[in-house]
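A.B. asks: Got a structure for you, questions after.
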Amino acid sequence: MFYKVEFDFDEFNFWGGARDRLESATESQKQKVKERIEEYFYGEDPTETEINDLVWFDCEDIFEEEDEDEN
């Protein structure tokens, strides 16, 4: 079965480490994550798990980048 939905980034229910990252993220970081998701999955229909895993495991550079800017 295939089930497709459209959602607003701010309404997506992230879980685990992805949720933890986004709960403390700045607006700039959230925007960069949203852009990465859109670019990475362009033309595809990713699953919720694929979206969550991208944020959890493949966006650490976005969060490290902001931390470095603060110092």
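The values are calculated or read from the model by the stated rules, or taken from the named source; none is laboratory data. As the structure is a prediction and not an experimental result, all values here were calculated from the model. Quick reminder, even Gly has a Cβ in these numbers, built from the backbone with ideal geometry, and neighbours come from all protein chains shown.
A.B. asks: Among the residues of the range 15-35, how many are closer than 24 Å to Y3 by Cβ and touching a residue at least 12 places away in the same chain (Cβ under 8 Å)? Talk me through it step by step, then tell me what you get.
C.D. replies: Applying the first criterion (closer than 24 Å to Y3 by Cβ) to the range 15-35 yields 15-16, 18-19, 22, 33-34.
Filter again for touching a residue at least 12 places away in the same chain (Cβ under 8 Å), leaving 15-16, 18, 22, 33-34.
So the answer is 6.
A.B. asks: Mind listing whichever residues of the range 6-47 are assigned to a helix (DSSP H, G or I) and aliphatic (A, V, I, L, M)?
C.D. replies: Step one: of the range 6-47, the residues assigned to a helix (DSSP H, G or I) are 9-11, 16-23, 27-40.
Hits for the range 6-47 are A18, L22, V33, I37.
A.B. asks: Looking at the range 22-44, which of its residues are modelled with pLDDT of 95 or more and of a type in the set (S, T, Y)?
C.D. replies: The answer is T26, S28, Y40, Y42.
A.B. asks: To continue, here is another question. Testing T47 on (1) polar (S, T, N, Q); (2) modelled with pLDDT under 95; (3) surrounded by 14 or more Cβ atoms within 10 Å (Cβ to Cβ), one condition comes back false. Which one is that?
C.D. replies: The single condition T47 does not satisfy is (3).
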